[in-house]
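Notes follow once the structure below has been shown.
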Amino acid sequence: MLKEREKELKKQVIMETAFQLFSNRPFEAVTVDEIAREVGCGKGTIYLYFKNKDHLLTCLISQELGQLCQDIKEQCLDNDDLLSAIDNYLVLQFQFFRGYNHILSSWVRRRLQNKVREEWMEDILNKLRRKLEMAVAVFERGQEEKQLIPVDSYELARLLETIFQDATFPFVGEKNWDFAPERITSLMKLVLTRGILA
């Protein structure tokens, strides 16, 4: 039991270290040797937990998507106050994409280069579907309660996801917002709930 906890702790340290490195430099510039050096272990230890660097990146994204799904369930689906649930959803989405878009961009690029094995994909695709389905459930509940206008909830969820991705995407120009991220989410909430017409 203790050995299993130690293994899980070591795996988490490796993933956290990789996250820091992948967040600050291009994925391709980070080596497994560097990750091992930062963790304070041998390169072989990394390979005990991950097939290669692409597998490590995939596991990192899967873990964070799992946490996001859990947060959406607790703060949105299980929330009886619809407006609070929507507010929480918008904040969670923005924080996720703001924190992980650089890493997600690297992962998509590697996937397009056929570096990510198909068997690693299933878990991530399931979590992405689950995340979208939870958003759809919140919006459908809002329509049933007559608090939201009748629109296709799936399309609305996809649109919001696209907006958050674009607002935080690191490679399309500079995102030199002249105000705090909280103000960005506040503006998005305002536009979503009230529109832009006076």
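The values are calculated or read from the model by the stated rules, or taken from the named source; none is laboratory data. Just so you know, these numbers come straight off a predicted model, no measurement behind them. Neighbour counts are summed over all protein chains in view; Cβ atoms, including those assigned to glycine, are modelled from backbone coordinates with ideal geometry.
For segment 23-30, check the following and say yes or no: at least one residue is surrounded by 17 or more Cβ atoms within 10 Å (Cβ to Cβ) and modelled with pLDDT of 95 or more.
Yes: segment 23-30 contains one or more residues that are surrounded by 17 or more Cβ atoms within 10 Å (Cβ to Cβ) and modelled with pLDDT of 95 or more.
Working carefully through the options E34, E64, find the one that is closer than 30 Å to M134 by Cβ and either at pLDDT below 95 or of a type in the set (D, E) (or both).
Values: E34 fails: closer than 30 Å to M134 by Cβ.
When all the criteria are applied, what remains is E64.
Going through segment 43-98 one residue at a time, which ones are under 23 Å from E144 (Cα atoms) and among the basic types (K, R)?
Across segment 43-98, the qualifying residue is only K73.
Within segment 1-88, which helices (runs of 4 or more DSSP H) (wholly inside it) include 3 or more residues that are closer than 24 Å to D123 by Cβ, over 15 Å from the mean Cα position of the chain (by Cα) and not hydrophobic (A, V, I, L, M, F, W, C)?
Numbers: elements: 2-24, 32-39, 43-49, 53-72.
By residue number, 2-24, 43-49, 53-72.
In segment 134-153, what residues are closer than 19 Å to F164 by Cβ and surrounded by 15 or more Cβ atoms within 10 Å (Cβ to Cβ)? First the steps, then the outcome.
From segment 134-153, those closer than 19 Å to F164 by Cβ are 134-139, 142, 148, 151-153; that's our starting set.
Hits for segment 134-153 are M134, A135, V136, A137, V138, F139, G142, L148, S153.
Among the residues of segment 99-114, which ones are crowded, with 16+ Cβ neighbours inside 10 Å and among the basic types (K, R)? Quick ask: steps written out before the conclusion?
Filtering segment 99-114 down to residues crowded, with 16+ Cβ neighbours inside 10 Å leaves 100-107, 110-111.
The answer is R110, R111.
Looking at (1) at pLDDT below 90; (2) surrounded by 15 or more Cβ atoms within 10 Å (Cβ to Cβ); (3) among the aromatic types (F, W, Y), which is the only condition F96 fails?
Unmet condition: (1).
Which of the residues belonging to segment 102-131 are part of a helix (DSSP H, G or I) and among the charged types (D, E, K, R)?
Taking segment 102-131 first, the residues part of a helix (DSSP H, G or I) are 102-112, 118-131.
Of everything in segment 102-131, those that are part of a helix (DSSP H, G or I) and among the charged types (D, E, K, R) turn out to be R109, R110, R111, E118, E119, E122, D123, K127, R129, R130, K131.
Could you list all residues from segment 117-133 that are among the basic types (K, R) and surrounded by 15 or more Cβ atoms within 10 Å (Cβ to Cβ)? Walk me through how you get there before you give the answer.
Here is the first cut: in segment 117-133, the ones among the basic types (K, R) are 117, 127, 129-131.
Listed by number, the residues that qualify are K127, R130, K131.
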